[in-house]
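Before any comments, here is the structure.
The values are calculated or read from the model by the stated rules, or taken from the named source; none is laboratory data. These numbers were taken from a predicted model, which means no experiment stands behind them. All Cβ positions, even for glycine, are placed from backbone atoms using ideal geometry, and neighbour counts span all protein chains on display.
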């Protein structure tokens, strides 16, 4: 261990030489060398994690450069994996870098993940997240989760010290048309850097056994108002007993988490009154929205489980947020508490709602 190189870390009272040695003896697999994976790799490489593995098979495109800051214009058309390897090697020659020139699949996931201590999910799709989760449960590996949605980021640690798995938060994947990825919905370039850095920090805390690891909690970051909200979610013991992978990780055309389009919900609003709309955006987002849905009750996702008294019994519950992600989480959180209530998430959230209204308005012109 190069003592001079890491002196700013070893001099920390609660980290010290022991923490640095723990990093140097550890191995971390990063699934995806993109907006999230790059800051994770750069910081873990710089901080002295002994072995870093990378899973990736994409080429570098011009649209990547606004958020994948390890790459430059000279790298366009090259393999992300090779360019990342070369640049990380130049940053720290002491790190053992392992490359897996493939996407993570059902056929290779267990073999690849088995030799690493911690897995970082830096993917951009639900199929990979469920595959990572299931493989980590089988192999008893913790994994650090991050996700991006426009100006928003999510962070959690799953399968750590008997804590919840990804399926405890999202039991089943949403359908393949309901939630756009960042290529469709967009993402502000700096948001992946923030969320990826938070993922790297969780990895360091796990490896060095310091601080409070973010397990059993979902951290929601909003870049527009610099807010952080945490919500707790319980472990579902059955999810810890997985012994084999699913036969397929293709996203199904339907889901147990029910969803409804904005256009269909508009029809619901014109029908009976035996429904309730809950807007789970935070208070600032809701109050600053110039045109929220008038009938909506604002209960921020972070407060949902402590404000269940505002939920109407024997009503069909509809949830909305900005992009359709938090509303799905709301159903996962409340489904077991209110089994008598049918629940739906409005696909695409307020972003899609406004688009639907605009299209309807133009059709009348």
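Could you list, in sequence order, the residues of segment 45-63 that are out of contact with any strand residue (DSSP E or B) (no Cβ under 7 Å at 6 or more places or on another chain) and without any contact (Cβ under 8 Å) to a residue 60 or more places away in the chain?
46, 48, 56, 58, 60, 61, 62
What is the one condition in (1) over 30 Å from residue 21 (Cβ atoms); (2) at pLDDT 85 or above; (3) assigned to a loop (DSSP other than H, G, I, E, B) that residue 212 does not satisfy?
(1)
Among the numbered criteria (1) in a loop (DSSP other than H, G, I, E, B); (2) in contact (Cβ under 8 Å) with a residue 40 or more places away in the chain; (3) out of contact with any helix residue (DSSP H, G or I) (no Cβ under 6 Å at 6 or more places or on another chain), which one does residue 271 miss?
For residue 271, the failing item is (2).
Residue 246 versus (1) in a loop (DSSP other than H, G, I, E, B); (2) modelled with pLDDT of 85 or more; (3) over 26 Å from the mean Cα position of the chain (by Cα): which is the lone unmet condition?
Condition (3) is where residue 246 drops out.
If I go through segment 67-80 residue by residue, how many of them are surrounded by fewer than 19 Cβ atoms within 10 Å (Cβ to Cβ) and closer than 15 Å to residue 56 by Cα?
Looking only at that region, the number is 3.
Could you pull out the residue among 195, 235, 204 that is at pLDDT 90 or above and touching a strand residue (DSSP E or B) at 6+ places or on another chain (Cβ under 6 Å)?
None of the others qualify; the one that does is 195.
Would it be correct to say that residue 298 is within 24 Å of residue 218 (Cα to Cα), at pLDDT 80 or above, touching a strand residue (DSSP E or B) at 6+ places or on another chain (Cβ under 9 Å) and surrounded by fewer than 16 Cβ atoms within 10 Å (Cβ to Cβ)?
Working: within 24 Å of residue 218 (Cα to Cα): yes; at pLDDT 80 or above: yes; touching a strand residue (DSSP E or B) at 6+ places or on another chain (Cβ under 9 Å): yes; surrounded by fewer than 16 Cβ atoms within 10 Å (Cβ to Cβ): no.
So residue 298 does not fit the description; no.
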